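Notes for the one structure printed next.
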Amino acid sequence: MQLYIIRHCQSQNNELWKRTGSSNGRLADPPLTATGYQQAELLAQHLADPLRGQVRSRSIENSILAYNMTHLYCSLMRRSIETGLAISEAIALPLTIREDIHERGGIYLKNPESQEREGLPGPNRDFFQTTYPSLVLPDTLGEDGWWNRPYEDREMALSRAGDFLRWLVAEHDGTEDRVALVTHGGFIQSLFQTLFQSPLIENSLRTTREIWFKANNGSITRIDFMEEVIRLTYQNRVDFFPAHLIT
């Protein structure tokens, strides 16, 4: 199995942080920005035809640039869906929801008085069917909001990543499947930390630091699940974007 981990393209919250260095004014479930839609279009074009503009040869055709994806999953968050839909149209694969590959924390906003992160309901089945009618939705998605629970902490996110990896291996390992996930920066960290068992490192101030795996908006990471080894083939590829669209 080949696993392609794609971070969603630039969201309004990403742009807010880039512009202000703050989360003040963040949205619970932001859509893409105009830049994000440009990224999604270029990302989709690249996945559909990675050799565009290059001299074609046998060696290139058989290189790591040949995607030939067989499965495409995204989360229930709008930035993931909007990125995934551009890919789905370009490579002619249905976009299937996986509820468990959402961003760390879930759907939440900070209470302005207590500053506590409070979980919100999130959109329901009718919203997704009306707004994104081509999505393949899970049967479990009902008329209540899909999140509708408290804020998810780091340990819960790591546990979720472990559950997802067990499902992934049971469903796709030992096959020729090429599986693409359109997911989120925090969830990518949880996947990597679970898969590679990265520790927390103590620094000189006696505080702990996570090992953080950088993932730009629209980046592609490939992990190969081989018979005797799991191989990180490449990570955080954004070479198909012009410099001004790397965020």
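Things worth noting here:
- Among the conditions (1) under 20 Å from Ile5 (Cβ atoms); (2) touching a helix residue (DSSP H, G or I) at 6+ places or on another chain (Cβ under 7 Å); (3) without any contact (Cβ under 8 Å) to a residue 40 or more places away in the chain; (4) open to solvent by 10 Å² or more (accessible area, probe 1.4 Å), Ala161 misses just one, which is (4).
- Condition check for Ile97: open to solvent by less than 30 Å² (accessible area, probe 1.4 Å), β-branched (Val, Ile, Thr), in contact with a Cys (Cβ under 7 Å, 6 or more places away or on another chain) and modelled with pLDDT of 95 or more: yes
- Within the set Arg178, Arg237, Arg154, the sole residue that is open to solvent by 50 Å² or more (accessible area, probe 1.4 Å) and more than 30 Å from Leu120 (Cβ to Cβ) turns out to be Arg178.
- Of Tyr73, Tyr4, all but one fail to be in contact with a strand residue (DSSP E or B) (Cβ under 9 Å, 6 or more places away or on another chain) and either modelled with pLDDT under 95 or farther than 16 Å from Asn216 by Cβ (or both); the exception is Tyr73.
- Arg149 passes every criterion in (1) of a type in the set (Lys, Arg); (2) crowded, with 16+ Cβ neighbours inside 10 Å; (3) in contact with a strand residue (DSSP E or B) (Cβ under 9 Å, 6 or more places away or on another chain) apart from (2).
- Residue count for the stretch 66-94, restricted to those that are surrounded by fewer than 22 Cβ atoms within 10 Å (Cβ to Cβ) and of a type in the set (A, V, I, L, M, F, W, C): 7
- Any hit, the stretch 140-147, residues being out of contact with any Asp or Glu (no Cβ under 6 Å at 6 or more places or on another chain), in a helix (DSSP H, G or I), of a type in the set (Asp, Glu) and in contact (Cβ under 8 Å) with a residue 12 or more places away in the chain: no
- Scanning the stretch 14-25 for residues that are more than 30 Å from Trp167 (Cα to Cα) and buried (at least 18 other Cβ atoms within 10 Å of the Cβ) yields Glu15, Leu16.
The values are calculated or read from the model by the stated rules, or taken from the named source; none is laboratory data. The structure displayed is predicted, hence computed values, not measured ones. Positions of Cβ are generated from backbone atoms using ideal geometry, with glycine treated the same way; all protein chains shown enter the neighbour counts. Side chains included, ligands, DNA and RNA excluded: accessible areas come from the protein's heavy atoms. Shrake-Rupley method; radii C 1.70, N 1.55, O 1.52, S 1.80 Å.
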